[in-house]
Structures are given as C-alpha cells and as structure tokens.
Amino acid sequence: MPKKARELSAIEVKRLAKQGRHPVGGVPGLLLSVNGATSRSWILRAQVGRQRRDFGLGGYPETGLAQAREKARDLKEMIRSGIDPALERKKARKVLLVSQEKSLTFSEAAHRCHAARETEFRSQKHRNDWINSLTHHAFPWIADVSVADVELPHVLQVLEPIWHTRTETATRVRQRMEGVLTWATVRGYRSGENPARWIGNLKEVLPNPSKIAKKSHYRALPWQEITTFMTELKAREAIAARALEFAILTAARSGEVRFATWNQIDLNKRIWSLHSKEMKAGRAHRVPLSSHVVALLTALPRMEGSPYVFVAPRGGPFSDMAISKLLKRMGVDATVHGFRSTFKDWARSCTSYPDELSELALAHVSNDATRAAYARDELIPQRDMLMQDWAAFCNGDKKFMPTVKHR
C-alpha cells in the first residue's frame, strides 16, 4: 500500500523551493511541481481506467492550496463515477467553440463574406467599396449584434436614415447586407428568412428606390466646345493634362485611364487591350487608337520600374483627384466621365455612324440582340474610323467635316 503523504500547511507549501514534484497531502496524488524560482503549478496524478495520468489544476500561487485540494477531490469523484476528465474537457471546449461560432457578430460575418467573395471583385476599388459601405452605414448600428439575431428592425435601423437622402448608397448597403446574411445562413450561423431581402419583405415597408432616387448625370462639356477646350488642354504640360487628353480621345472611363499599363498597349497595331477584370461591365475591351493618341503616347515620359502609362510621382497609378483638380483650375464645369457623353452627343449630332458603334466605343453593356451581335464582332476597323474622326474633330482638323455621312 503506498505511503500516505503528510498534509502540508499553506506556509509549508509556500516554502517548497526544491525543483521537482512535491506531495502536499490532503488528496492522494496531489503534487506541487516546482520548476525554477518562479514557475510552480498544481498536478493531480491519478489512475483513469488502466492509465495513470497527470491533470493540471492551475498555477501557484494563483490557485491556492485549499482550491487545489478542492479541484483534486472533484476530479477524483468524476473518475470514481467512470468519467474521464480529459474527455470531458475536450467536449466542453468543443461546445464552447461551437457556441462562439454561433454568436458570430454581423461585422465578423461581413468580413468573412467579403473574403469569400475575393475573386468576384473587378478591382481593388470595388473590393474596398463593398466592405466600406457596410463599415460606414451598417456597423455603427449592428456591428456587435450576433448575425443569428439580425432581424427586420435591425435592417431598418441601418437603412431608414439614408433611404431617402442617399438612395443609391442605401440600395447597395441593403444588397450587401442581404449577401452577408445569406452567407451566414448557408454557413450555418443563422436560420430562417433573410430580413434584408427586398421582394416580399422590405418592399412592403420602404418606398421603391426608383420612385425616390434623383437621377443625376455626369456634367458634360457641350460637343460644340470640345475643340476650344482641347486647344487649351494641349497647352498644359502637366501629366494630368495628358491623362485627360487620352481619356477624351479614347472615350474611356477615368479608372481605365488611370490604371492603364504599357503592356496593354500595342503602338504598332494601334490597339489598347483591357482585360475583363479592368472593365466595369466585366468584359474584355479593345480600343483602336487614333494617330493623335499614338503621338501622345509616344511623347510620354516613362518611369523606370513603373508599369503605368500615367504615373504618379511615387510610381503608382495616377490619382482621380489630380484630373478633377485640373478641370477645376481650367474653370470647366464638367467631370472626366462627362466627356464620354460629349463624345456620344458628337457621334449622334455630327456623324452617321450607327449608334451601336459609339456604344461599342463606350464599352456599354449590350441590352438587345442587335447590340449583342455588334459586341461579338467588335467592329475594330469601323471603330477605328470613328475614333480617328473624333480625334480630328477634337483637334480642330480643318479637313474634317462634321456632317460627313459614313455608310
């Protein structure tokens, strides 16, 4: 029969300094493990079935002698009842983890959903816009609400303050909230109906966005003024002026121009090729470059180590604010995007090019079978003529007749 350890007092336990395991009595198998001057912990050595195991009971002096003996007795009682304390701890931990997962907050769910959709975003800007809209408009209200508990009142709390004043933003926030809650349902973090759903749900309590949204258009320069404007623009030496000139002559969007890289451009074939991920519509797009554009690009300085056509001072992509500030300094009440409307108005007013051709030049999504057929063909030769004429008009080419009929 094993020798029974003498029951030590709290003072005697405090004085134990020799490295090793010291029986303290009171409960068979209860030991104080001393490992150096400051590392001390409690261990219960006990028989579980056919195995002898060590169970940690906490550090000393955080766990005192009396508390250690109480924990040891509880474990002994579990073992006598046929329960393995180690297995019970694993089960409890698993239950805790499941419980924590079930209590995933809306903000945590939003970030996980955002990460899961990583490959869907066309650009870093769209990727940032998606999560930022929720950060600014939803998180202040429901960031810490369990995603399992989000209901219609929570959704309305987010949307109602901006539904009438910032309708387009509110619509996007609603769509993204619906996406987060759908993701949470599929992943098992919530169940039931999606309170951010529009049809048969929010549609009954919020006015239709199309009825309240004020349609705004990008301010555009009248096509009759483009020649005078371009003369002044070409007189400016700033890189922002060259970027704006390139945007106007190609009828491209600001982001497409700012992130344009030299490997997209073939000066010999006079083609600018954009990948689907770089386009708003998600379709690859080729832009025929007029002789004016080729001359502009040829004259541009290149920064070693930077892939961008229009380079910021530190070598990164050009800022959209730089071009906007240029327009402001020139006293022009128009936006970069508005020049696309200028091009469209000119094509309709001054030429007989088919409307589908200018739509292709603008990389607009085809909405019907006819335009879809044009889009499949791309019509590069015809579009090349269109862009040559547009550049000639913008640059005041006297040989260009704006009323010429192209068949």
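Each reported figure results from applying straightforward, stated rules to the coordinates on display, with no laboratory input. As the structure is a computational prediction, the values presented were derived from the model and not from experiment. Don't worry about glycine lacking a Cβ; one is built from the backbone with ideal geometry, like all the others, and counts go over all protein chains shown.
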Residue with peak Gaussian network fluctuation, the chain [Cα springs, cutoff 10 Å], from S324, S39, S210 = S39
Options (i) 77, 23, 20; (ii) 72, 27, 19; (iii) 41, 27, 16 - which one matches semi-axes √(5λ) of the Cα gyration tensor in Å as calculated here = (ii)
Would you please classify the overall shape of region 1-62 from the alpha carbon gyration tensor, given that a ≥ b ≥ c denote the square roots of the eigenvalues, rounded means a/c under 1.5, and beyond that prolate means a/b larger than b/c while oblate covers the rest?
-> oblate
Working from Cα positions, state the angle (0 to 90°, nearest 10) between the long axis of helix 239-250 and the longest principal axis of the chain.
-> 70
Max mean-square fluctuation residue, GNM over the chain, Cα-Cα springs under 10 Å, options K269, K125, K18 = K18
Taking the chain and dividing mean pair separation by its residue count, relative contact order in percent (alpha carbons under 8 Å, at least six apart) | 11
5 angstrom amide H check on T261, placed H, neighbours 5+ away | V309
How long is the gain from A86 to S276 if the chain were fully straight, where each residue apart is worth 0.36 nm and the alpha carbon distance is subtracted?
-> 62.9 nm
Can you tell me how much longer the chain between N201 and L16 gets when fully stretched, taken as 0.36 nm per residue apart minus their C-alpha distance, in nm with one decimal?
-> 59.6 nm
Could you calculate the contour length gain from Q124 to Q175, that is, 0.36 nm times the residue separation minus the distance between their Cα atoms, to one decimal place in nm?
-> 16.4 nm
Summing +1 for each Lys or Arg and -1 for each Asp or Glu, what net charge is found among the other residues whose Cβ lies under 10 Å from the Cβ of R236?
-> 0
Nearest-0.05 FRET efficiency for S210 and T182, computed from C-beta distance (R0 22 Å) = 0.40
Taking a ≥ b ≥ c as the square roots of the eigenvalues of the Cα gyration tensor, with a/c under 1.5 meaning rounded and otherwise prolate when a/b exceeds b/c and oblate if not, region 164-257 is prolate
Of A116, A72, A196, the most mobile residue in a GNM of the chain (C-alpha springs, cutoff 10 Å) is A72
Specify whether the C-alpha gyration tensor of region 106-212 places it in the rounded, prolate or oblate class, a ≥ b ≥ c being the square roots of the eigenvalues: rounded for a/c under 1.5, otherwise prolate if a/b is larger than b/c and oblate if not.
-> oblate
